Number of protein chains: 2
Amino acid sequence: MVFKKKMPARRQQILDFIREFRNDNGIPPTVRDIQHACEISSTSVVDYNLHKLREAGFLNRKPDVARGIELLDAMGQPDFGPHKVQIVGAIAAGQPIPAFSSEGSASSAEFDTIEVAPELQRRFGELYALSVKGTSMIDALIDDGDVVIIKPGQEANNGDMVVAWLVSQEEATLKKFYLEGDRVRLQPANSQMEPIYCSADNVEIHGKVVEVIRKLG
Amino acid sequence: MVFKKKMPARRQQILDFIREFRNDNGIPPTVRDIQHACEISSTSVVDYNLHKLREAGFLNRKPDVARGIELLDAMGQPDFGPHKVQIVGAIAAGQPIPAFSSEGSASSAEFDTIEVAPELQRRFGELYALSVKGTSMIDALIDDGDVVIIKPGQEANNGDMVVAWLVSQEEATLKKFYLEGDRVRLQPANSQMEPIYCSADNVEIHGKVVEVIRKLG
DNA sequence: CAATAGTGCAAACGAATGTTCTGAATACAA
DNA sequence: TTGTATTCAGAACATTCGTTTGCACTATTG
């Protein structure tokens with residue numbers, strides 16, 4: 001159980017300060033910025049704790065470069081810069097999602113992307129996006145052209161809006177998910193619409209919808 | 001006509017490099033980074049051009065701090081960090097928008113905020129947000145709890161979705177805007193609904209909706 | 001107790017980096 | 001042309017800043 005030894009208060013304070021400083025100033029702090037802010041009497045103490053934080057995977061340090069502290073997000077990726085999410089395909093009524101069927105597609109590269117709030121990626125980690133084609137999702141108040149941000153995963157809690165793949169129908173849909181015994185109720189967001197009931201093994205969850213974005217103008 | 005003297009190629013190159021470097025590395029370049037990337041033979045030349053770029057309003061420099069170059073966006077604001085937009089109030093059917101009626105409210109401070117994609121603010125400049133209460137906007141596919149991002153302004157082009165204030169009714173609404181002679185047609189996004197017609201002087205445009213955000217989970 | 005790892009402190013070193021000085025080449029207007 | 005502002009070059013300077021070294025204190029373990 002070497003997972004999480006308690007983090008010393010000072011180390012947590014340093015980590016918090018780095019994030020705050022970066023949010024306020026747009027650039028990471030120097031060792032001495034941290035020293036003064038955390039009322040540490042020596043830069044070597046800061047250096048020592050930064051070293052420990054690096055070992056623990058909270059940040060990167062570029063050797064010999066000023067302000068070379070780079071915070072890492074939950075995925076261990078640098079969390080600066082425009083937070084782009086790949087739009088891996090389109091989702092439409094009764095259509096397979098291309099990116100899922102042709103799974104062998106090259107690692108990435110030629111996808112469209114959409115910028116999202118950095119906070120989203122910090123909170124959920126890796127994300128992808130689907131562009132909605134057609135008005136088939138209108139019952140979920142999702143229009144043609146909207147983009148849904150998805151956290152990939154095979155599991156969902158009751159009430160989550162999920163990307164569901166109906167195996168026998170070969171159809172993808174966005175619905176609210178409820179597990180009821182050994183069958184699944186897929187409920188349109190518009191409660192006046194009738195839900196769909198499926199046996200659990202006919203439904204594959206591909207991810208949870210965490211945000212819907214509609215660009216205008 | 002002192003508006004835009006042509007920018008020397010080298011200066012443009014420097015500006016482009018700063019942005020690119022910042023996107024790639026998360027921190028601004030040093031003077032010497034710029035020097036080498038742009039194949040300039042002296043740091044003083046870089047310093048000179050940065051000075052000129054600062055005068056022209058493209059960037060800020062924090063004196064004596066490493067990597068103290070701060071790019072400015074179209075509004076002259078630093079363009080780093082989490083791009084938060086103030087949620088200045090709620091919009092609901094037949095209700096005034098609190099933030100607009102009590103105009104004397106303190107400069108800001110105690111508003112909620114929502115993070116948006118940095119690219120949005122770079123493109124539109126100053127923005128604010130409204131939280132939608134109730135289902136009165138359901139005809140525009142905007143649900144209770146959705147947040148609309150607004151670019152403030154009194155003007156709109158035909159087809160824009162706007163925040164319209166109906167003076168005599170004392171009512172705020174989100175509709176598509178069409179100017180037809182001396183009257184205004186306010187068209188719900190759902191084309192099956194009937195439009196509202198008003199005399200032009202009964203409609204105040206408070207801003208254009210540039211994005212709708214719905215958070216789930 | 002001794003041994004060891006973890007943490008904190010002070011001081012100094014040296015590389016990285018912003019700044020300034022002097023001069024010259026270039027462009028442009030009178 | 002002449003003069004003036006702009007732009008560039010080279011070098012040196014001053015500060016910032018990452019890094020290292022040596023030592024001390026504490027806590028835990030055997």
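The values are calculated or read from the model by the stated rules, or taken from the named source; none is laboratory data. Everything numeric here is computed off the predicted structure, so don't read it as measured data. Every residue, glycine among them, receives a Cβ derived from its backbone with ideal geometry; neighbour counts consider all protein chains shown.
How do the pairs read when you match residues in region B:37-58 that are without any contact (Cβ under 8 Å) to a residue 24 or more places away in the chain with residues anywhere that are hydrophobic (A, V, I, L, M, F, W, C) and within 12 Å of DNA strand C (Cβ to nearest atom), using Cβ under 8 Å and keeping only pairs 6 or more apart or on different chains?
Close Cβ pairs (under 8 Å, with a partner that is hydrophobic (A, V, I, L, M, F, W, C) and within 12 Å of DNA strand C (Cβ to nearest atom)) amount to B:A37/B:F21; B:T43/B:V31; B:D47/B:V31.
Report, by residue number, each residue of region B:113-125 that is modelled with pLDDT of 85 or more and of a type outside the set (S, T, N, Q). Quick ask: steps written out before the conclusion?
Going through region B:113-125, the residues modelled with pLDDT of 85 or more turn out to be B:113-117, B:120, B:123-124.
B:I114, B:E115, B:V116, B:A117, B:L120, B:R123, B:F124 - these are the residues of region B:113-125 that are modelled with pLDDT of 85 or more and of a type outside the set (S, T, N, Q).
I need every pair where a residue in region B:158-178 that is more than 11 Å from B:N202 (Cβ to Cβ) has its Cβ under 8 Å from the Cβ of a residue that is of a type in the set (F, W, Y) and outside any strand (DSSP E or B), sequence separation at least 6 or different chains.
B:A172/B:F100
Hey, any hits in region B:193-210 for a residue that's modelled with pLDDT under 90, more than 20 Å from the chain's Cα centre (by Cα) and of a type in the set (D, E, K, R)? Break it down into steps so the answer makes sense when it comes.
Of the residues in region B:193-210, the ones modelled with pLDDT under 90 are B:193-196.
From what is left, the residues that are more than 20 Å from the chain's Cα centre (by Cα) are B:193-196.
Filter once more, keeping what is of a type in the set (D, E, K, R): B:194.
Yes, region B:193-210 contains a residue that is modelled with pLDDT under 90, more than 20 Å from the chain's Cα centre (by Cα) and of a type in the set (D, E, K, R).
Tell me which residues, restricted to region B:37-46, are within 12 Å of DNA strand D (Cβ to nearest atom) and either within 14 Å of chain A (Cβ to nearest Cβ) or not β-branched (V, I, T) (or both). Quick ask: steps written out before the conclusion?
Step one: list which residues in region B:37-46 are within 12 Å of DNA strand D (Cβ to nearest atom), which gives B:38-46.
Once the filter is applied, which keeps residues that are within 12 Å of DNA strand D (Cβ to nearest atom) and either within 14 Å of chain A (Cβ to nearest Cβ) or not β-branched (V, I, T) (or both), region B:37-46 yields B:C38, B:E39, B:S41, B:S42, B:S44.
Restricting attention to region B:23-36, report how many residues are part of a loop (DSSP other than H, G, I, E, B) and either within 9 Å of DNA strand D (Cβ to nearest atom) or in contact (Cβ under 8 Å) with a residue 24 or more places away in the chain (or both).
Let us first name the residues in region B:23-36 that are part of a loop (DSSP other than H, G, I, E, B), namely B:26-30.
When the remaining residues are screened for being either within 9 Å of DNA strand D (Cβ to nearest atom) or in contact (Cβ under 8 Å) with a residue 24 or more places away in the chain (or both), the result is B:27-30.
The number of residues fulfilling the criteria is 4.
Can you name the residue in region A:120-136 that is crowded, with 16+ Cβ neighbours inside 10 Å and within 10 Å of chain B (Cβ to nearest Cβ) and is also farthest from A:M193 (Cα to Cα) among such residues?
Filtering region A:120-136 for residues that are crowded, with 16+ Cβ neighbours inside 10 Å and within 10 Å of chain B (Cβ to nearest Cβ), the one farthest from A:M193 (Cα to Cα) comes out as A:R122.
If you take the residues in region A:47-73 that are near DNA strand D (Cβ under 7 Å from one of its atoms) and charged (D, E, K, R), which one is farthest from B:R67 (Cα to Cα)?
So, considering only residues that are near DNA strand D (Cβ under 7 Å from one of its atoms) and charged (D, E, K, R), the one farthest from B:R67 (Cα to Cα) is A:D47.
Report yes if A:I196 is within 14 Å of chain B (Cβ to nearest Cβ) and either on the phi < 0 side of the Ramachandran plot or surrounded by 15 or more Cβ atoms within 10 Å (Cβ to Cβ) (or both), otherwise no. First the steps, then the outcome.
Working: within 14 Å of chain B (Cβ to nearest Cβ): no; either on the phi < 0 side of the Ramachandran plot or surrounded by 15 or more Cβ atoms within 10 Å (Cβ to Cβ) (or both): yes.
Considered against the rule, which asks whether it is within 14 Å of chain B (Cβ to nearest Cβ) and either on the phi < 0 side of the Ramachandran plot or surrounded by 15 or more Cβ atoms within 10 Å (Cβ to Cβ) (or both), A:I196 comes out as no.
Looking at A:E155, A:E171, can you tell me which residue is more than 14 Å from chain B (Cβ to nearest Cβ), out of contact with any Leu (no Cβ under 9 Å at 6 or more places or on another chain) and not hydrophobic (A, V, I, L, M, F, W, C)? Write out each step before concluding.
Working: A:E155 fails: more than 14 Å from chain B (Cβ to nearest Cβ).
Unique residue meeting the criteria: A:E171.
I want to confirm something. Restricting to region B:38-63 and keeping residues that are among the polar types (S, T, N, Q) and in a loop (DSSP other than H, G, I, E, B), which single residue is farthest from DNA strand C (Cβ to nearest atom)? Steps first, answer last, please.
Of the residues in region B:38-63, the ones among the polar types (S, T, N, Q) are B:41-44, B:49, B:60.
Those left that are additionally in a loop (DSSP other than H, G, I, E, B): B:41-42.
Working: B:S41: 10, B:S42: 7 Å.
Filtering first and then ranking leaves B:S41.
Residues being in a loop (DSSP other than H, G, I, E, B) and within 19 Å of A:V88 (Cβ to Cβ): count how many of those fall in region A:134-155. Talk me through it step by step, then tell me what you get.
Step one: list which residues in region A:134-155 are in a loop (DSSP other than H, G, I, E, B), which gives A:134-137, A:141-146, A:153-155.
Imposing the further condition that a residue be within 19 Å of A:V88 (Cβ to Cβ) reduces the set to A:134, A:136-137, A:142, A:144-146, A:153-154.
So the count comes out to 9.
With (1) of a type outside the set (K, R); (2) at pLDDT 95 or above; (3) in a helix (DSSP H, G or I); (4) away from DNA strand C (no atom under 11 Å from the Cβ) as the list, and A:D16 as the residue in question, which single condition is left unmet?
(2)
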